[in-house]
1. Using the structure shown, decide if L137 is surrounded by 10 or more Cβ atoms within 10 Å (Cβ to Cβ) and at pLDDT below 90.
2. Identify all residues within region 83-135 that are touching a residue at least 24 places away in the same chain (Cβ under 8 Å) and under 30 Å from A149 (Cα atoms); write none if there are none.
3. Restricting region 112-168 to residues that are over 44 Å from the mean Cα position of the chain (by Cα) and outside any helix (DSSP H, G or I), which is nearest to T100 (Cα to Cα)?
4. Among the residues of region 38-55, are any over 26 Å from the mean Cα position of the chain (by Cα), at pLDDT 80 or above, surrounded by 11 or more Cβ atoms within 10 Å (Cβ to Cβ) and not in a helix (DSSP H, G or I)?
5. If you take the residues of region 70-96 that are hydrophobic (A, V, I, L, M, F, W, C) and part of a helix (DSSP H, G or I), which of them is farthest from L18 (Cα to Cα)?
Amino acid sequence: MAESHKCQICGKPATVHLTQISGGKIHKFDLCDECAHAKGVTDPDGYSVSEANAGKPVAHKHPAGESIVCGVCGITAKDFKKMGHFGCPSCYEYFGPIITPMLEGMHRDIEHRGRQPARSLARLALRKKITLLESVLSDAVAEERFEEAARLRDELGALKDQLQDQIS
């Protein structure tokens with residue numbers, strides 16, 4: 001059964017559950033409908049979990065001390081902190097000093113590389129080997145090394161059968 005949460009302000013059953021990442025740390029906050037409305041949670045531009053916890057806004061400053069503003073869409077660090085999302089793709093570059101430490105704390109790397117299944121890697125290696133053998137076979141035929149070409153043709157056929165078996 002699900003764990004019941006209580007409003008962190010009044011103690012009533014919580015129906016609004018917020019999670020925000022600020023300064024590389026995760027902040028969770030549970031509120032009832034009344035307290036959520038009173039705190040402005042229903043207004044996406046006017047609420048920050050860290051502000052509710054600390055009672056004061058948390059300012060994100062550039063190392064030089066200036067507030068960061070996206071040069072394309074004009075979103076500020078304060079806007080990003082309250083909304084929890086960027087205004088445009090360029091924000092990722094402008095807000096690098098803010099998001100890089102957060103990503104480093106949450107993930108192994110700050111660049112997404114994706115995953116590739118082992119079977120896919122095996123098929124890729126087999127395709128590369130087939131491509132190489134086709135090139136060697138073509139050279140053998142061009143140089144009239146027919147015995148070697150026949151051996152390469154048979155080997156190439158076996159590899160293509162093996163690839164077909166992996167695909168099906």
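1. Values: surrounded by 10 or more Cβ atoms within 10 Å (Cβ to Cβ): yes; at pLDDT below 90: no.
Criteria not met by L137.
2. R119, A122, R123, L126, R127, K129, I130, L133
3. Among residues in region 112-168 that are over 44 Å from the mean Cα position of the chain (by Cα) and outside any helix (DSSP H, G or I), the one nearest to T100 (Cα to Cα) is E143.
4. no
5. My answer is C91.
The values are calculated or read from the model by the stated rules, or taken from the named source; none is laboratory data. Every value quoted in this text rests on a predicted model; they were computed, and no experiment measured them. Reconstructed Cβ throughout: ideal geometry from the backbone, glycine too, with neighbour counts over all protein chains shown.
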